[in-house]
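Student: First the structure, then my questions, so here it is.
Taken together, the values in this text are just the output of simple stated rules run on the coordinates, not laboratory data. Predicted model only: the values in this text are computed from it and were never measured. Cβ coordinates were reconstructed from backbone atoms using ideal geometry, including for glycine residues, and neighbour counts include every protein chain displayed.
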Amino acid sequence: MEEKKIIKVLETLDNTYPDAKCGLDYTTAYELLVATILSAQCTDKRVNLVTEKLFKKANTPQKMLELGIDNLKPIIKECGLYNNKSKNIISMSEDLIDKHSGEVPKSLKHLVKLGGVGRKTANVVLSNAFSVPAIAVDTHVFRVSNRIGLANTQNVDQTEKQLMDNIPQKWWSHGHHLLIHHGRNICVARKPKCHICPIHTTCRYAAKHNS
């Protein structure tokens, strides 16, 4: 898709979802890091309910380690995959204290070296906590961007690279929120609602399936 069409798609989605933003509740970069780890295969709404309780007990790396993994597990159980998520949160907290004096680093290079932190989580934190242009490719962004034609890949890392190449940098952070909202509301996984989609005339999927 040429750049003019890409910008038109993003502008249309921006008009469609004027309130698009990060759905996770947080007040610090560390809280966002924890919340993003918890959000894997879990809704933002449920994560926010869990973190409301969790952050009253532990909202810094030191407090999280003092809470301990055995006490952390029952608090985050509702988010699912709580055994792995609790290990990742504790590992990440240990790395922050041991390697960064308890502060969340502001670079992708250092974030992805933290225990349990991948590129998606790192990009969420960079984009939302530090206002660094970044594209976090979750399941919605991967599906929607490849479906409509902003990317054409089979894996998350390649999708991130293509989106960074194809989308003007000023749209990176906000664009990823727009794609998430579109994926949740209209361009859903099983039966996309092409009949009400505001970008169906420029969508590769719609052209192929609804012609």
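Student: With axes computed from alpha carbons, what is the tilt in degrees of helix 139-148 against the longest principal axis of the chain, rounded to the nearest 10 within 0 to 90?
Tutor: Rounded to the nearest ten degrees, it is 10.
Student: Between Ser131 and Thr28, what is the label-point separation in nm under the 7 Å Cα-to-beta-carbon projection?
Tutor: 2.1 nm
Student: Then there's this: Within a 10 angstrom radius of the beta carbon, how do Thr153, Thr36, Thr27 rank from fewest other beta carbons to most?
Tutor: Ranking Thr153, Thr36, Thr27 by Cβ neighbours within 10 Å, fewest first, gives Thr27, Thr153, Thr36.
Student: Right, something else. Could you work out how far helix 172-185 tilts from the main Cα principal axis of the chain, as a 0 to 90 degree angle to the nearest 10?
Tutor: 80 degrees
Student: Sorted from largest to smallest, which semi-axis lengths in Å does the alpha carbon gyration tensor of the range 1-61 give for its equivalent ellipsoid, taking the root of 5 times each eigenvalue?
Tutor: For the range 1-61, the semi-axes come out at 32, 11, 10 Å.
Student: Kirkwood hydrodynamic radius of the chain from all distinct Cα pairs, in Å?
Tutor: That comes to 17.9 Å for the chain.
Student: P(r) for the range 29-130: what percent of alpha-carbon pairs falls in each 10 Å bin, starting at zero?
Tutor: Once binned at 10 Å, the Cα pair distances of the range 29-130 give 17, 55, 27, 1.
Student: Can you tell me the 0 to 90 degree angle between the C-alpha axis of helix 3-16 and the longest principal axis of the chain, rounded to 10?
Tutor: 70 degrees
Student: Let me ask something additional. Where Lys and Arg each count +1 and Asp and Glu each count -1, what net charge lies around Tyr82 among other residues with Cβ under 15 Å from its Cβ?
Tutor: Cβ neighbours under 15 Å give a net charge of +4.
Student: Now, a different point. Taking the alpha carbon gyration tensor of the range 80-151, what are the square roots of 5 times its eigenvalues, largest first, to the nearest whole Å?
Tutor: Ellipsoid half-lengths, sorted descending, are 26, 16, 8 Å.
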